[in-house]
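Chemist: Sending over a structure as structure tokens; questions will come in a sec.
The values are calculated or read from the model by the stated rules, or taken from the named source; none is laboratory data. Please read all numbers here as calculations on a predicted model, not as lab measurements. Neighbour counts are summed over all protein chains in view; Cβ atoms, including those assigned to glycine, are modelled from backbone coordinates with ideal geometry. We work out accessible area using only protein heavy atoms, side chains counted, and drop any ligands, DNA or RNA first. Shrake-Rupley method; radii C 1.70, N 1.55, O 1.52, S 1.80 Å.
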Amino acid sequence: ASNQGGASTTFDLLLAVAPPPAGTPATGVFRDSTVIGLGFVSGAHSGVTDASGAFTYETGHGITFSVGQVNIGTVPTTKALITPIDLVAHGTGTSNHVLNVMRFLMMLDRDGDARNGIQISAAVTGAAASWGPVDFDTTDLPTVLGPLVQSASTADGVTHVLPDAASAQARLRTDFYCTYAGSYDGTFAGNSVPGDHGTFTTEVFPDGSMRAS
């Protein structure tokens, strides 16, 4: 800032952006591959994910995802981007529970090709209204899901197939890299050594490789 006499001063202005009040409607996306037709409930909002995998939630509230009567998990505090890893506490890309959820969703895909997204048809959702709960902690998912695979195939008129854990893990890894690919900027600073502060840029590529500068 300066005055007409030429005197000037410089200062830092720090701005804080407050989060929206709890209960404010917001839009998020469920993604491993884009999942269409996945049921959700968050506060007063419910429905199925749309063609982009989007859902509506209430800020400050949790969200539960399901297919018919099969609950695949609840996120206690909803955020704008949710993946299968978020559906279980301390989940990772190798967690048995997470991979079983992935296998279940991939099995439900209308065309059987998760590379172009997962589409859960209205016919399968209707059939799933009579399905019982699924134990996603099981170590024998083919036995647990056998009747559901047959029911989905009958409902859709196509053959649904349950992928193995290795295929689900590879799909999850690929989708995770693609979801978080991009350029990330930041700053760093030290305390005493000259030049120990500045900015950096890190690029994350869809194949999982990284480059920093």
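Chemist: Take every Cα pair under 8 Å in the chain that's 6+ residues apart, average their separations, divide by the length, and report that relative contact order as a whole percent.
Modeler: It rounds to 15 percent for the chain.
Chemist: Something else now. Compute the separation of the alpha-carbon centres of segment 71-129 and segment 46-70 and state it in Å as a whole number.
Modeler: 11
Chemist: Given (i) 64; (ii) 55; (iii) 44, which label gives percent of Cα pairs over 23 Å apart as computed from the coordinates?
Modeler: Step by step, percent of Cα pairs over 23 Å apart for this structure corresponds to label (ii).
Chemist: Within 15 Å, Cβ to Cβ, of residue 79, how many net charges do the neighbouring residues add up to if Lys/Arg are +1 and Asp/Glu are -1?
Modeler: Values: positive: 31; negative: 58, 86.
That sum, taken over residues with Cβ under 15 Å, equals -1.
Chemist: About the Cα centre of the chain, how large is the charge dipole given +1 on each Lys and Arg Cβ and -1 on each Asp and Glu Cβ? Please answer in debye to the nearest 20.
Modeler: On the way: 8 positive and 18 negative charges, 25 e Å.
Rounded to the nearest 20 debye, it is 120 debye.
Chemist: Follow-up. Averaged per residue, what accessible area in Å² does segment 53-93 show with a 1.4 Å probe, protein chains only?
Modeler: Values: 1590 Å² over 41 residues.
With the other protein chains kept in place, segment 53-93 gives 39 Å² per residue.
Chemist: Computing the accessible area with a 1.4 Å probe over protein heavy atoms, can you report the carbon and sulfur percentage for segment 1-130? Intermediate results must be reported in sequence, preceding the final value.
Modeler: Values: 3660 of 6620 Å².
That fraction is 55 percent.
Chemist: Starting from the 7 Å offset along Cα-to-Cβ, what nm value, one decimal, do you get for the label separation of residue 129 and residue 10?
Modeler: 6.7
Chemist: If amide hydrogens are placed 1.01 Å from N in the peptide plane, which non-local residues have theirs closer than 5 Å to the one on residue 71?
Modeler: Here the answer is 134, since their amide H atoms fall under 5 Å of that of residue 71.
Chemist: Does segment 102-153 classify as rounded, prolate or oblate by the C-alpha gyration tensor (a ≥ b ≥ c root eigenvalues; a/c under 1.5 gives rounded; else a/b over b/c gives prolate, otherwise oblate)?
Modeler: On the way: a/c = 2.09, a/b = 1.25, b/c = 1.68.
Note, shape of segment 102-153 comes out oblate.
Chemist: Once both labels are modelled 7 Å past Cα along the beta-carbon direction, what's the residue 116-residue 166 spacing in nm?
Modeler: Each label point is offset 7 Å from its Cα along the Cβ direction, giving 2.6 nm.
Chemist: Before rounding to the nearest 500, sum -39500 (n - 2.57) across all DSSP H runs of length at least 4 in the chain and divide by the residue total; then give [θ] at 222 nm in deg cm²/dmol.
Modeler: Details: 4 runs with 52 residues, N = 213.
Result for the chain: -7500 deg cm²/dmol, rounded to the nearest 500.
Chemist: Can you give me the long-range amide H partners of residue 47? Hydrogens built in the peptide plane at 1.01 Å from N, cutoff under 5 Å, separation of 5 or more residues or another chain.
Modeler: Placed amide hydrogens put 40 under 5 Å from residue 47.
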